[in-house]
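Worksheet for the structure shown next.
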Amino acid sequence: LNIGVLISGGGTNLQAIIDATLSGEIKGNVKVVISNKEDAYGLKRARKSNINAIYETNESNIINILKENKIDLIVLAGYLKIINSNFVNEFKNKIINIHPSLIPSFCGQGYYGEKVHQAVIDYGSKITGATVHFVDEGADTGPIIMQDVVRVRENDTAKSLAKRVLKIEHEILIRSVSLYCEKKLNVQDRRVFINE
Ligand code: GRF
């Protein structure tokens, strides 16, 4: 399967996907990486792996690039923009997102990056985690594919918590993309079933 990855920043989730395609864990190839930030380190990561890396902010141009590359699966990996409904409808249930909390907690408008972990700590939650989900018109509201948990420690800061959650993100994102490429994900309305 041809995978397109959208990023805005460091691209550690992108790197995890690239590595998993090289190891064969993901039966697909990352064909194009698109960033809405010109200085995103993730673009350098893509180029280092000889992957077409493009800086683009116009959503209709992004859709055209994805179509030209015959992309079968789009992964939003630290992509800090809400994509609009015609983008979602062009690629129904072919877009997955990774969010650094247990949706439906600490998600939606304004909850991204370290803000998520700071909110978890400020609230006093004892567990947090990460969620992989299909993207629908809302912000972090699509059908959930996979989640895993991280316990919050009393001495945690947003940074220390982010580090442990990021590790889980990479794990569940790779497993979700791998299952998708093996056509083992089955969406029925809001629910996602894994047929192993
Ligand atoms: C991180 O906050 C991560 O939790 C979220 O996007 C941000 C950047 O991730 N998915 P990455 O290192 O650019 O993949």
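The values are calculated or read from the model by the stated rules, or taken from the named source; none is laboratory data. Fair warning: this is a prediction, and the values are worked out from it, not measured in the lab. Note that we place each Cβ from the backbone using ideal geometry, even for glycine, and neighbour counts take in every protein chain shown. Remember, those area values only see protein heavy atoms, side chains included, never the ligands or the DNA or RNA. Shrake-Rupley method; radii C 1.70, N 1.55, O 1.52, S 1.80 Å.
Assorted remarks:
- Single residue of I63, I54, I98 found to be without any contact (Cβ under 8 Å) to a residue 24 or more places away in the chain and β-branched (V, I, T): I54
- Candidates A158, A162 - the one that is of a type outside the set (D, E) and within 17 Å of the chain's Cα centre (by Cα): A162
- In region 82-100, residue most open to solvent (accessible area, probe 1.4 Å) [restricted to those that are part of a loop (DSSP other than H, G, I, E, B) and more than 9 Å from the ligand (Cβ to nearest atom)]: K92
- From E169, E196, E182, residue being crowded, with 20+ Cβ neighbours inside 10 Å and either within 13 Å of the ligand (Cβ to nearest atom) or under 29 Å from L22 (Cβ atoms) (or both): E169
- K70 meets each of the listed conditions (1) within 16 Å of the ligand (Cβ to nearest atom); (2) on the phi > 0 side of the Ramachandran plot apart from (1).
- A count restricted to region 57-81 and to residues that are under 25 Å from D140 (Cα atoms) and open to solvent by less than 40 Å² (accessible area, probe 1.4 Å) stands at 13.
- Subset tally (residues that are more than 15 Å from the ligand (Cβ to nearest atom) and part of a loop (DSSP other than H, G, I, E, B)) for region 1-37: 6
- On the stretch given as region 102-132, residues that are in contact (Cβ under 8 Å) with a residue 40 or more places away in the chain, open to solvent by less than 20 Å² (accessible area, probe 1.4 Å) and not β-branched (V, I, T) total 2.
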